[in-house]
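Structure first, then comments.
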Amino acid sequence: MSDEYTDNKIETKAADSSSGNYAPPADYIPAQESPDQELYHAKSFWTKWVFCQDAKVIGVQYALTATAIGMIGLILSWGMRLQLGFPETFSFLGPATYYQSVTMHGMIMVIYLLTALFLGGFGNYLIPLMVGARDMVFPYVNMVSYWMFLVAVLVLLASFFVPGGPTGAGWTLYPPQAIMPGTPGSEMGIVLMLVSLSLFVIGFTMGGLNYVITILQARTRGMTLMRMPLTIWGIFTATVLALLAFPALFVACIMMTLDNLIGTSFFMPEIFSMGEKLEYGGGSPILFQHLFWFFGHPEVYIVALPAFGIVSDLISVHARKNIFGYRMMVWAIVIIGALSFIVWAHHMYVSGMNPWFGFFFATTTLIIAVPTAIKVYNWVLTLWRGNIHLTIPMLFSLGFIVTFVNGGITGLFLGNVIIDVPLSDTYFVVAHFHMVMGIAPLMVVFGAIYHWYPLITGRHLNQTLGKIHFWITFVGAYAIYFPMHYLGFIGVPRRYFEMYDSPYMTSGVGLNQFITVAALIVGFTQILFLYNIFTSWYKGEKSERNPWKANSLEWHTPDFPPTHGNFGKELPVVYRWPYDFSVPGSDKEYIPQDVPPSQVPTAKAEQT
């Protein structure tokens, strides 16, 4: 067919359309507007698996690195629990070691494990596949972003080997304590922590810009924003939040580094140490808290929003039912992201703020619960009358919903100033934070790995080990964190190296021992999970193509598992959303996104 004929045909369509006589056929999708992406193809082992520009390999690199540092965070938590459950039993657990473990465990799990897993791991692997792109728009920059992350992790680990060890200032790193003599790691330890966080932010910015531009500019033909899987919406919104929130952490890290190394006073007031006046003056420790929590609360949703999106897709696929209220779910994700920037100071009720500020932030905290509750309702209504398959991904998804609701309810307690002030420094906060920010997102991580593992490797994980993993993790998490709510109510303070003698806290001794035993059991179960991952890579049962009968594009590539470039010679064309399950009038139980309407003419599918 000549170019002249094609151009003439397009012009005729445009003319007919303007006169109101033309109706495009059901299968019509506008022509491709830009040339196909040119990819760099690896020429050696090093450029294929190490310095690789394929987003799928980079995603696996992120996931493996985050998992490795996460295991160190897990081991640190065991040390903390052994000290709390059985004080003065282990000689290697002194006060300095305990506070260093608390600090490193918190920062590792929040930043280097969860953020890196959701955005670096799942983001890299799934974004190009789910939107129908060949790769990220800037593959080389994407590769550099991973290596920046790896360097940040290595700098963090280096703090274990410097004189004084890693910082023990608490994971929030509040000054002036963080850089004062007497705090563990107040010299090189805190500097390496701050440098590591700065490198992490730089590396993430490279990756985050890639994610946003790929989603906005590199979607395949027909993939409108309202046809994207909710997984992509969650990752996209979380990435925008991170690009706006991480600069606050970055500048706080730079300023505190300068306070520590050259004696500036950004955060250091006039202060005495051991009876001597230090050469600081005029700084504001509260300024650091504002900067940290301006990053810190969006960080909760930087982790939660990808989890919301992923769990929505898992529930829809494994319940064989279209997601309930798709547009409402999209807007709930966007509204949660926007509101997350005006609730940060509910972490600072005990800092002495003006009561009117407390009123404002308590109000916004309760308001953000509304779109969050909408998502929970929509998940439940998606499950309602669905053909629920209790696969391992579905079990973890259900575990997430229950755990997130429980953690969210305690958040309503802590969002109110008058309740938060007496509970703020107790184990009630530890329980709330871990339920909503630790256990709930990890449930989604596990469910997502069981779901997409066949796509990555072409094999299934061992299902028996998977069910053992789920039940011990789910029940064990409640055995750990439910009793902590009670410890908070009776006044057991968090951050304390050893629980002091008090007639009001005798019941807390046995509970702490019980929690410690449960934590050790749950922790060792994660090693079983890792064993399952690595052995199944070579010995697992081979998976059929699209084993879950899903509709989204990642399961419909020419090669399985997908190879570099993802979609062979021709990119797919999208005609529908990814949730056409059990469509009335269709003889098929599911209709993939790239199936044109003419192939299922009797299907009464949702118009998207």
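The values are calculated or read from the model by the stated rules, or taken from the named source; none is laboratory data. On a predicted model such as this, the values are computed, not experimentally measured, just so you know. Cβ placement follows ideal geometry from the backbone for every residue including glycine, while neighbour counts extend to all protein chains displayed.
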Report whether or not residue 123 is in contact with a helix residue (DSSP H, G or I) (Cβ under 6 Å, 6 or more places away or on another chain) and without any contact (Cβ under 8 Å) to a residue 40 or more places away in the chain.
no
Run residue 456 past the list (1) crowded, with 24+ Cβ neighbours inside 10 Å; (2) under 30 Å from residue 561 (Cα atoms); (3) not polar (S, T, N, Q) and report the number of the one that doesn't hold.
(1)
Only one residue in 509, 445 is more than 22 Å from the chain's Cα centre (by Cα), farther than 19 Å from residue 414 by Cβ and part of a helix (DSSP H, G or I), so which one is that?
509
Some residue of the stretch 350-361 being of a type in the set (A, V, I, L, M), at pLDDT below 95 and on the phi < 0 side of the Ramachandran plot
yes
Inspect all residues belonging to the stretch 538-548 and state whether any of them is under 19 Å from residue 454 (Cα atoms), in a loop (DSSP other than H, G, I, E, B), touching a residue at least 40 places away in the same chain (Cβ under 8 Å) and of a type in the set (Lys, Arg).
no
Considering residues that are surrounded by 14 or more Cβ atoms within 10 Å (Cβ to Cβ) and not in a helix (DSSP H, G or I), the number found within the stretch 390-419 is 3
Only one of these conditions is not met by residue 216: (1) closer than 23 Å to residue 257 by Cα; (2) free of Cβ contacts under 8 Å to residues at least 60 places away in the same chain; (3) touching a Phe, Trp or Tyr at 6+ places or on another chain (Cβ under 9 Å). Which number is it?
(1)
What's the number of the only condition in (1) farther than 30 Å from residue 608 by Cβ; (2) in contact with a Pro (Cβ under 9 Å, 6 or more places away or on another chain); (3) at pLDDT 95 or above that residue 292 fails to meet?
(2)
Matching entry among 420, 501, 425 (being of a type in the set (D, E, K, R) and free of Cβ contacts under 8 Å to residues at least 12 places away in the same chain):
501
Residues that are farther than 30 Å from residue 329 by Cα and crowded, with 16+ Cβ neighbours inside 10 Å: does the stretch 233-251 have at least one?
yes
Evaluation of residue 341 against (1) touching a residue at least 24 places away in the same chain (Cβ under 8 Å); (2) surrounded by 20 or more Cβ atoms within 10 Å (Cβ to Cβ); (3) not hydroxyl-bearing (Ser, Thr, Tyr) (one fails), failing number:
(2)
Scan of the stretch 300-324 for residues that are buried (at least 24 other Cβ atoms within 10 Å of the Cβ) and within 30 Å of residue 352 (Cα to Cα), ordered by number
301, 302, 303, 304
Please go through the stretch 178-223 and pick out each residue that is within 21 Å of the chain's Cα centre (by Cα), surrounded by fewer than 21 Cβ atoms within 10 Å (Cβ to Cβ) and within 30 Å of residue 579 (Cβ to Cβ).
209, 212, 213, 216
